[in-house]
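The structure appears right after this line, and notes come after that.
The values are calculated or read from the model by the stated rules, or taken from the named source; none is laboratory data. Note that the coordinates shown come from a computational prediction; the quantities given were computed from them, not determined experimentally. Ideal geometry is used to build each Cβ from the backbone, glycine not excepted, and the neighbour counts take in all protein chains shown.
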Amino acid sequence: MWATWMGHIHLPEAPKKILASIFGFSSFRPGQEEIVSAAMAGENVLAIMPTGGGKSLCFQLPALLRDGLTLVISPLIALMRDQVAQLVDMGVAAASLNSTNSAEKNAQIYQCALAGELKLLYISPERLMRADTMDFSSKANVTAIAVDEAHCVSQWGHAFRPEYTQIGMVRQALGDVQMLAFTATADQQTRKDIEKKLFPAPPKTFLHGFDRPNIRLAMTPRDNPRKQLLTFLKNHQNQRGIVYCQSRKRVNETAQFLVENGVNAFPYHAGLDSQVRADNQDRFMQQEGVVIVATIAFGMGVDKPDVRFVLHMDLPKNIESYYQEIGRAGRDDLAASTLTLYGLNEIRQYRQWIEQGDTSDAQKRIEHQKLSALVALCEAPVCRRITLLAYFGDSCEPCSNCDLCAGEIKTRDGTIDAQKALSTILRTKEMFGMEHLITVLCGEENEMSRKHNHECLSTFGIGKENSKTQWRSVFRQLYALGLVHIDVARYNSWQVSKTGWQVLREQKRCACETIRPTP
């Protein structure tokens, strides 16, 4: 059943020989060799590497050079299926235990593993915890556990899976076997949580830069999003790409809109028939110029090197999700583009979901911080790559490959505008929403302003020099910087925070404002 690369067959000692003869690479990618060496030395390893940086090879190659079986914990059947298929094509004895297999096939896999004929066995965390799997694992000469997408271990991560937290107990039950954990998206808090949940002691940690310099970063407020989508796609005709939407309904509508406008687009979300999903994914993987319109259900199990763009019709829920999703572009190291559309309403909605969630106050604070970091990236006044990498504890010089570095967005000190907006909030008694506050700043009389005598305020018309679009950007930044609160219970009225008062009193300057051209 299995190909020749099994434990009882003599293997070349040098990992580089295996790298060339089995995986077909003449050299390691940056960071891989050090991780492979640590794994071969028997050390427990936590590796944070950029998306597309070659994490899988770092546990696959050592598995071929050691005795025994390596269990690979993976979150998605599609991801397991693709990796196993690639390994089997290379002649590696690998298999996956999952619910799509027949009972006979799973039984055969059990037998081969117990006979020492497998090197890598992929399994989900849910199946790993089953009594029959635990009994099997205790008899199968497991010498290492490799955890893929390890950020799922952490409650602070963007894809928390409770079952992942029990992997550490399995390691103990199997006699403290070697643990190898890999992820592309883990800030400092998430990394600490991974260490605590998976390892008996601090592992050898490898942090290999988060930067993907070939990916162009761009973000802009949502304003006629379908027009913005078509404008973006004009620069990517006949290219393979992903358009992410938050809801299934928006996926269906957007895919239909693109088809009507001559784009070879297909929808993908969990609500579609499984065969339709599989067919659409196969089209994306096999055909040129296919655009997949999807929820976040699409992506983690897909590794297509020549994805040329990722566009977000809606803001992701946090900065880790954003990084993971844009990281599906340009894995061949050639130029790729991203664009994220965002609006204040969805930011406010995310805040409400966090507050209404059944989680601890501590977790809510973390989730608010993560969302604020993403909003700050959207409204960044300097190189986006600097802001993005700083979140993960990394750094770079201005990148020349984002919309800010390209000079597409002008910036200036926003303190005066912030003071005008904050003063208007206070003079309208903190009772009104953004759009009315902007009409006051722009000096536009309407029924509301006449009813409340707002045309008599000293701030009425004080902001005529800016367009409404520019003022909306100011208000988004005030919210992102914590200078204001929005009281949902009082018709989304805006209120000045303690930090906002410091800006008003000139005790603190406001970060440079991003001024965007009026559409």
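Take residues that are in contact with a Pro (Cβ under 9 Å, 6 or more places away or on another chain) and modelled with pLDDT of 90 or more and tell me which of the strands (runs of 3 or more DSSP E) falling wholly in the range 167-230 contain 2 or more. First the steps, then the outcome.
On the way: elements: 178-183, 204-207, 219-221.
In the range 167-230, 178-183 are the strands (runs of 3 or more DSSP E) which contain 2 or more residues that are in contact with a Pro (Cβ under 9 Å, 6 or more places away or on another chain) and modelled with pLDDT of 90 or more.
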For residues in the range 423-473 being part of a loop (DSSP other than H, G, I, E, B), within 21 Å of I486 (Cα to Cα) and polar (S, T, N, Q), which is nearest to the chain's Cα centre (by Cα)?
-> T428
What are the residues in the range 311-326 that are part of a loop (DSSP other than H, G, I, E, B) and either within 15 Å of C402 (Cα to Cα) or of a type in the set (K, R) (or both), if any?
-> K317
Pairs with Cβ under 7 Å, 6+ apart, first in the range 356-381 and over 23 Å from C399 (Cβ atoms) and at pLDDT 80 or above, second among the polar types (S, T, N, Q) and surrounded by 15 or more Cβ atoms within 10 Å (Cβ to Cβ) = L371/N318
Pick out the one residue from L371, L404, L422 that is in the same structural domain as S337 (by TED's automatic domain parsing) and either surrounded by 13 or more Cβ atoms within 10 Å (Cβ to Cβ) or not aliphatic (A, V, I, L, M) (or both).
-> L371
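Determine, yes or no, whether Q246 is closer than 20 Å to Q287 by Cβ and surrounded by fewer than 19 Cβ atoms within 10 Å (Cβ to Cβ).
Considered against the rule, which asks whether it is closer than 20 Å to Q287 by Cβ and surrounded by fewer than 19 Cβ atoms within 10 Å (Cβ to Cβ), Q246 comes out as no.
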Provide a single number: the residues in the range 108-129 that are in a helix (DSSP H, G or I), surrounded by fewer than 22 Cβ atoms within 10 Å (Cβ to Cβ) and either small (G, A, S) or touching an Asp or Glu at 6+ places or on another chain (Cβ under 7 Å) (or both).
-> 2
Given (1) modelled with pLDDT under 90; (2) under 26 Å from H208 (Cβ atoms); (3) among the β-branched types (V, I, T), number of the condition I77 does not satisfy | (2)
Could you check, for the range 146-167, whether at least one of its residues is more than 21 Å from I48 (Cα to Cα) and among the small types (G, A, S)?
-> no
